[in-house]
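Below is one structure, written out as structure tokens; comments come after it.
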Amino acid sequence: MPVLLGITGVAIDRAHTSSLISAEQEQLRLQFFGLLGAIEWQDGEIEMGDRLKEPRFWQFRSGLYAEIRHRDGSVIWRSVSSDTLNLPIPDNMPRSGRELFGETEINTEAFFTFYYHAIWETEEENEIPLLFSLYSQQSTLLHEQKNFRNQISLWLGLVLLISLFVSALTLYWGLRPLRKLAKDLLRLEQGETLQLSDDYPRELQGITYNLNQLLSKEKKQRERYRNTLADLAHSLKTPLAVLKSGSADSSAANEQIARMDNIINYQLKRAVSGGKQNLSSRTYIKPLIDRLTNSLEKVYRDKSIQFQNQLNAELALTIDEQDAMELFGNLLDNASKACKEKIIISATESQHQCHVLIDDDGLGINESQRQTLLQRGFRGDQYGQGQGLGLAIVRDIIDSYEGDISFSQSSLGGLHVKLTLAKL
């Protein structure tokens, strides 16, 4: 800003000075015409008389001087104002009928000069070459120039101060949202808040929105990692229980070990993924349920549970096999804990959906508690086992496939679970 105003001031000063010089030259030209009009030739000499109206020509050392010379340099006439002064002669005589402007010094003072070479024709038709010389002191112009420079410096200085003040004020208010953003980021870093507020100017809303999205994604990722660790431990309980029971033969043990390996890989995959699952997978449900119930019979052998798998062998759902193992494994494990001796697995189908039903003959859960069964950490049982993770895992899987799950009273006396998923 100061550089720009400085350049502006120099440009204005030069334009003003040029205007003053042009005006001074025009004034000298007018003085020349006045001088020319006042000349009267008598007896071979110039007579001015009182026809020369410019009073400064008659005032001693007025700062405006004039003289008329022959071509050889001899003076024919000079103004009273230039008495006792040695006025300079131009080095380059202007051609006939031409004028010449310039600058010179008289007694160390600066003057503007105007020269005109005229051919005077007498009544006898004689042609006499004459050199008209006019000199105007520059002090008036310099004084006016100084005053103008003082004024322009003052005004440009005021403009600079006002501009700096307005710029500082604009920067202060313009950067206010950024200062607020810095404070909010500091609060985020210190854990005082979880996301940025949305009361930012439109120019920053895109940034804050993306930051909030990033924070939300990172938070969900951390939650997935924590949940996955808990889900992993929960999922390994059943195969470990089968191995601990000691009733499994080597093939059964190998099957449980393979299942544990699949569970670990599955949970690690879930930890780094999110969103909607691939719906191109196809899983037959009846044989999967059979494998799960065989394992659960070993875990809960003291109950001698009767599993009735009434599913159609051709029933296939659009769900990943490992997701289906996790989903039905948790539901059947909960039913095995809650039942007395019987669990029935059945299904009803429509054109695009399948409703898998799981009923047990346990004590059931009252209606007020059914609404909170899917919350992570909530336990709806009364037998003192579990950490409340199984149904939370079920909910996550159901949501990823845009399915639905509901609970009601079973005709067997226990809990009736209705699971709705898309089918092929």
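Every read-out reported here was derived from the displayed coordinates using simple, explicitly stated rules and does not represent laboratory data. For clarity, every value in this text was computed on a predicted model and none was experimentally measured. Backbone-built Cβ (ideal geometry, glycine too); neighbour counts: all protein chains shown.
Here the Karplus curve 6.51 cos²θ - 1.76 cosθ + 1.60, taken at θ = phi - 60°, turns the phi angles of segment 16-25 into couplings of 5, 4, 4, 5, 5, 5, 4, 5, 5, 5 Hz, with x standing for Gly and Pro. Per the Debye calculation on segment 44-177 with a single equal scatterer at every Cα and no solvent contribution, log₁₀ I(q)/I(0) for q = 0.12 Å⁻¹ amounts to -0.61.
Applying 0.36 nm per residue to the separation of PHE33 and ASN126 and subtracting their alpha-carbon distance, the gain on full extension is 31.3 nm.
In this simple spin-label approximation, SER19 and SER163 carry label points 7 Å from Cα along the Cα→Cβ vector, and these lie 2.0 nm apart.
Net charge near TYR284: determine it from the other residues with C-beta under 12 Å of the C-beta of TYR284, scoring Lys and Arg +1 and Asp and Glu -1.
Working: positive: ARG282, LYS286, ARG291, LYS423; negative: ASP290, GLU314, GLU321.
Residues close to TYR284 contribute a combined charge of +1.
For segment 206-216, 3J(HN,Hα) computed residue by residue from phi via the Karplus equation (6.51, -1.76, 1.60; θ = phi - 60°) reads x, 5, 5, 5, 5, 5, 5, 4, 5, 5, 5 Hz, glycine and proline entered as x.
If the chain between SER251 and ASN147 were fully stretched, how many nm would it gain, using 0.36 nm times the residue separation less the Cα-Cα distance? If you can, show how the numbers build up before the last one.
Numbers: separation 104, 0.36 × 104 = 37.44 nm, distance 10.99 nm.
Residue separation times 0.36 nm, minus the Cα-Cα distance, leaves 26.4 nm.
How far apart, in nm, are two points set 7 Å out from the Cα along the Cα-to-Cβ line at LEU178 and at THR140? Distance between label points: 5.6 nm. Residues whose amide H lies under 5 Å from that of SER410, counting only those 5 or more places away or on a different chain, are LEU415, HIS416; hydrogens are built 1.01 Å from N in the peptide plane.
Considering only SER74, VAL166, THR104, the residue lying farthest towards the positive end of the dipole of segment 60-197 is VAL166, judged by Cα position with unit charges set on Cβ.
Taking amide H as placed 1.01 Å from N in the peptide plane, the amide H of ILE128 sits under 5 Å from that of TRP120, GLU121, THR122, each at least 5 places away or on another chain. Per-residue 3J(HN,Hα) values for segment 128-138, derived from phi via the Karplus relation 6.51 cos²θ - 1.76 cosθ + 1.60 with θ = phi - 60°, read 10, x, 10, 10, 8, 10, 10, 10, 10, 5, 8 Hz in sequence order (x marks Gly and Pro).
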